[in-house]
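Structure first, then comments.
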Amino acid sequence: MGCVVLIKATSPSCISLDNHSQPILSSWAGDRPCNWFGISCDRSGSVINISLPHSSLRGTLDSLRFSSFPSLIELSLYNNSLYGSIPSHIGNLSNLTILDFSFNNISGTIPASLENLRSLSKLYLGVNSLVGPITSIGNLSTSLTELHLSYNKLTGTIPASLGNLRSLSKLYLRNNNLVGPITSIENLSTSLTELYLSYNKLTGTIPASLGNFRSLSKLYLSHNSLVGPITFIGNLSASLIVLNLSYNKLTGTIPASLGNLRSLSRLDLGDNNLFGPIPPEMNNLTHLYALYINSNRLYENLPQDVCLGGLLAYFGAFDNYFMGPIPKSLKNCSSLLRLRLEGNHLSGNISDAFGTHPHLKYMDLSDNELLGELSWTWEQFNNLSALKISGNKISGEIPAALGKATHLQVLDLSSNQLVGGIPKELGNLKLIELALNDNKLLGDIPFDVESLSDLQKLGLAANNFSATILKQLGKCSKLIFLNMSKNRFAGSIPAEMGSLQSLQSLDLSWNSLTGGIAPELGQLQRLEVLDISHNMLSGLIPTSFSRLKGLTKVDVSYNKLEGPIPDIKAFHEAPFEAIRNNSNLCGNATGLEACATLMKNKTEHRGPKLSFSLRRKKRLMEPPQIDVSMRWCPDGELSYADIIEATEEFNSRYCIGTGVGGIPKELGNLKLIELALNDNKLSGDIPFDVASLSDLQKLGLAANNFSATILKQLGKCSKLIFLNMSKNRFAGSIPAEIGSLQSLESLDLSWNSLTGDIAPEIGQLQRLEVLDLSHNMLSGHIPTSFRRLEGLTKVDVSYNKLEGPIPDIKAFREATFEAIRNNSNLCGKATGLKACAALIKNKTVHKKGSKVVIFTVIPLLGSLLGLIVGFVIFFQNRRTKRLMETPPSVRWCPDWELCYADIIEATEEFNSRYCIGEGGYGVVYKVVLPSEQVLAVKKFHQTPEVEMTSLKAFRSEIDVLMGIRHRNIVKLYGFCSHAKHSFLVYEFVERGSLRKVLNDEEQAVKMDWDKRLNLIKGVANALSYMHHDCSPPIIHRDISSNNVLLDSEYEAHVSDFGTARLLMPDSSNWTSFAGTFGYTAPVSTTTASLCSSETGLATGSESVATGLVVSST
């Protein structure tokens, strides 16, 4: 620690700084502080201004004697790394008018001594770690005009004493833990212009007294638990520009008086419980730039003149009950950027609904009742990147002109009535997702699939495609999801599919595929879901499948497969439905014989087989030679021989259960309170009227062989508290009657074969605490009624076919990734899910496929080449063994106690489920240590030899990078080099990349201009520090929105030094580059060498890159 002296006196006044902060204030020398950087004095030589923002100061204020500055007017230490508490003797600054300690790490409570600052007009304490109540704030100077306390950890209620601040015009209290009602705001100054109370835990209704603030221009009350109607809107000032009431529990209708707020530019009423029609008076809001009324229960027509003013850029009305046509004013709304109307009942002809939209980037009209053809003027959609119109009644062919929408990356036309083929012009697009499922398309893919080299998701299911499966698909190396089920594809599975090294889900079911399963599928190391059922595939399941360790769900049923199943978990735990109806599969799985038994039986029957075949029919038609008692229903025409022949003498492939009896109907006579039959081999159905068990509170039927549909009668068991029917073979849909079980606290229907949508009536189970619907075949959206399950504490919907947003309740937000994984397209605020608005786009950032190198063996030189390969393998194995025995080379920061084993254990040896992104040099994993410390670990792509060599060459650089401690630079804690894994260990930054946030509509909107300006300043501070304050200087060389991370407070942190190099005076080798060329000045990518005089070129290049980041922000 050091002390920077401000005033020489008997007792010096100083700021206690950490040692690395000392160079920042190198000009602070001598006895004339008025000449020092950041210090201003009046004519008498008294210090009146201390302004040191963005100065990388780190330390405390404990030693600063504020009494030494009786004339101080302004004290600004904004955006540093100060910590500790605010000293109570700050109250000695009696002439202070501006105090800014924001964007630091200051903790403790707000000192009561601030009330002594009677001249204070502006107080900025935001973005710190302050705690405690704000009851003393009301005692501050009555001349206070601005009070910023956002982004802290303040608690308690909003005090009525705030009304004492009669001059207050701006009050910022957002992102704290404030509770209670907001009725006390009625005491605030009538001159208030901006009020920010979002992201707290405020309750109660919104007071009508808000109308007293006639100068109010911005009102943010979102993300609280406010209730009641919004009738107060009629009292608001006509000068209001921004009104955000989203993410509350507001009810009632939208009042007509809203139309009086003619100056509104942004209106957000989304994610509430509003209902009813939109008042026509909303058409008066001609200055709207952003309008969000999504996720409510609004109905009738959308406002027809919503873009009458020609300024509308963002319009979200999704997940409501709107009907009628798309507003006419949208047809030529050239200002439109994002349009989301999905999940309604909109109708009309889509052909006439849209016109010229040169700036439109995102459009989602899915799940409506729109019809017509896609006959738009597509060249006028030249900025459109995502188009989703699934789940409508669109007819005609896919227009060839769609290829003129050159920026299109996501195209979803599934579940419509499209006919014809896929136009070859789609091959001109740089698509990331193409979904054409559930139409009437036919033919083949008429263009070279290789042109879709960035394609990650391809859905062609439920059409009439009949060609062979394209070998070209093997060239789509980034493909993650491939669904070609329910078509007429014929031929064999091409070996080229083994090249899809990024593939996680492959569905080829319900086609006419023949031949053996391509063994190359065993190369798909990332594969999690495989469905090749309902084809005519034959032969053995390839032994290469034993390498598919990540496979979690498999279905090979209804083929002609035989032999042993692979010895992996996915097959061992597969339900009988997933392996049934094959020729002679065997192995360790439900319903299969052990392979040794099967082979023995074959041997025993091999001798008389011919004789049996010649005489089989005759023998079966004869009466049995043993004493068999037979009795059929009077109208039944069956015989013993019929049964034997139909089952091929009870061949195992006809087995649908191995139970040992059912539930006796006599149990229905009992007055049972609890019935537990779990973990047996029971089968059949419940043979009595469940209503007779009216007192039943607990019913457990789990882990049996029940296969009927789930009884609707269960809804009559009104006292049922616990219901477990998991691990059976229940089929069909979840009956709506289950919504009648109002006492139910735990419901487990997992591991069955349930299909269809989730019954929305489950949302009526207000006492439900545990819900498990995992491992079924449920599809569609999770019902919006689930938002009412406030008591739910544990939920699991994994391994279904669910899509769309997860409910905005605590149980889903805090659910583990294991509880929501492996669905079709779930999105929302939960671990491992994408934000709904950026679900597809962000996949390019987080999952990039590795390239596959295919070796071709020349047949004529096969024997010679085999000999050479043998020697190479022999010596390579010896070399690899030596490398693997080499202990890891590690280097951690001095205050960290980590080891190679810690990281390996925490990531389960870098299991893909911990992956959170992928960069130019490696994959990034989220690591939670036993101490609950969260880290980000970047594991290099290179082979062990390359990794060891690279890290050895850059060890001195890593030492320097580990020494960086700047608030806007991601901290590097250390590195480890090992023959098997080499990686860097970084600080974990919560929100991810700037690009991810900007592509997420919800998060992007939260980034107001203050945040964006602060973000830009943060990046500039980081680069300035790297270029000018590090010795030697550090040049990042890949500044982009991907490499700027945002923490929970939207603070910028520059990351990813994978391309960075230390700019040594004799630097000469700058030819290596693995960055983002779009963010790099031409001089950086064309210059092969740099001398010390060219440092300016390198830093100038980064200035260009920073400018591009700024423009994207």
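Evaluate the charge dipole of region 666-829 about its Cα centre and quote only its size in Debye, nearest 20, assuming +1 on the Cβ of each Lys and Arg and -1 on the Cβ of each Asp and Glu.
On the way: 17 positive and 19 negative charges, 36 e Å.
Using Cβ point charges on Lys, Arg, Asp and Glu, region 666-829 gives about 180 debye.
Could you list the residues of region 277-320 with an amide nitrogen less than 13 Å from a label point located 7 Å from the Cα of Ser335 in the Cα-to-C-beta direction?
Once the point is set 7 Å along Cα→Cβ of Ser335, 285-291, 306-315 turn out to lie under 13 Å by backbone N, inside region 277-320.
Hey, got the dipole for region 331-385? About the Cα centre, +1 on K and R Cβ, -1 on D and E Cβ, debye to the nearest 20? Spell out each step's value before the answer.
Working: 4 positive and 7 negative charges, 59 e Å.
That gives region 331-385 a dipole magnitude of about 280 debye.
Cβ neighbours within 10 Å, averaged per peptide: list 369-379, 500-510 in order, most packed at the top. Mind showing how you got there, number by number?
Working: 369-379: 16.5, 500-510: 21.8.
The most tightly packed comes first, giving 500-510, 369-379.
Using 7 Å Cα-to-Cβ label points, what is the Lys719/Thr831 separation (nm, one decimal)?
3.9 nm
Using the crude model of +1 on Lys and Arg Cβ and -1 on Asp and Glu Cβ, and no other charge, please compute the dipole size for region 158-229 relative to its Cα centre, in debye to 20.
120 debye
Only Cα pairs under 8 Å and at least 6 apart count here; give the relative contact order of region 230-298 as a rounded whole percent. Walk me through the intermediate numbers first.
Numbers: 151 pairs, mean separation 23.3, N = 69.
Across region 230-298, relative contact order equals 34 percent.
Of Ile1016, Leu972, Pro1033, whose Cα points farthest to the positive end of the dipole of region 972-1037 (charges on the beta-carbon: +1 Lys, Arg; -1 Asp, Glu; origin at the Cα centre)?
Pro1033
Determine, for each peptide in 535-541, 83-89, the mean count of other beta carbons within 10 angstrom over its residues, then list the peptides with the highest first. Walk me through the numbers before you get to the answer.
Working: 535-541: 19.1, 83-89: 16.6.
Result, highest mean first: 535-541, 83-89.
How much length, in nm to one decimal, is gained on full extension between Asp352 and Tyr321, taken as 0.36 nm per residue of separation minus their Cα-Cα distance? Show your work: numbers first, answer last.
Values: separation 31, 0.36 × 31 = 11.16 nm, distance 2.19 nm.
Separation in residues times 0.36 nm, less the Cα-Cα distance, equals 9.0 nm.
Say R0 is 45 Å: what FRET efficiency, to the nearest 0.05, do Arg547 and Thr157 get from their beta-carbon distance?
Numbers: r = 60 Å, r/R0 = 1.34.
Using R0 = 45 Å, I get an efficiency of 0.15.
Would you mind counting up the charge near Ile48? Only other residues with Cβ under 12 Å from its Cβ, with Lys and Arg at +1 and Asp and Glu at -1.
Working: positive: Arg43; negative: Asp42, Glu74.
So the environment of Ile48 carries a net charge of -1.
Using only Cα atoms, locate the centre of region 242-293 and the centre of region 536-596, then give the distance between them in Å, rounded to an integer.
56 Å
What distance in nm separates the simple spin-label points at Asp1008 and Val131, each placed 7 Å from Cα in the Cβ direction?
2.8 nm
Could you pull out the pairs from Lys698/Lys794; Lys801/Lys834; Lys486/Lys553; Lys671/Lys727 whose alpha carbons sit more than 22 Å apart here? Present the calculation step by step, with values, prior to reporting the outcome.
Working: Lys698/Lys794 19 Å; Lys801/Lys834 16 Å; Lys486/Lys553 19 Å; Lys671/Lys727 26 Å.
In this structure, Lys671/Lys727 exceed 22 Å between Cα atoms.
Considering only Leu672, Val770, Ser694, whose Cα is most displaced toward the positive end of the charge dipole of region 666-829, charges sitting on Cβ of Lys, Arg (+1) and Asp, Glu (-1)?
Result: Val770, furthest along the dipole toward the positive end.
Pull out the extension gain between Glu790 and Asp695, defined as 0.36 nm times the separation in residues minus the alpha carbon to alpha carbon distance; nm, one decimal.
The span from Glu790 to Asp695 would gain 31.6 nm if fully extended.
If packing is taken as the mean number of other Cβ atoms within 10 Å per residue, what is the order of 201-213, 764-776, highest first?
Details: 201-213: 17.5, 764-776: 20.5.
So the order, starting with the most tightly packed, is 764-776, 201-213.
Can you tell me the FRET efficiency between Ser67 and Gln766 if r is taken as the Cβ-Cβ distance and R0 is 51 Å, rounded to the nearest 0.05?
Details: r = 60 Å, r/R0 = 1.19.
My answer for the efficiency is 0.25.
Give the separation of the Cα centroids, region 71-99 to region 385-405, in Å.
Taking the Cα centre of each part, region 71-99 and region 385-405 sit 60 Å apart.
Bear in mind these aren't lab numbers, they're just calculated from the coordinates by the rules spelled out. In this text, all values refer to a predicted model and were calculated from it rather than measured experimentally. Cβ atoms come from the backbone with ideal geometry, glycine included; neighbour counts cover every protein chain shown.
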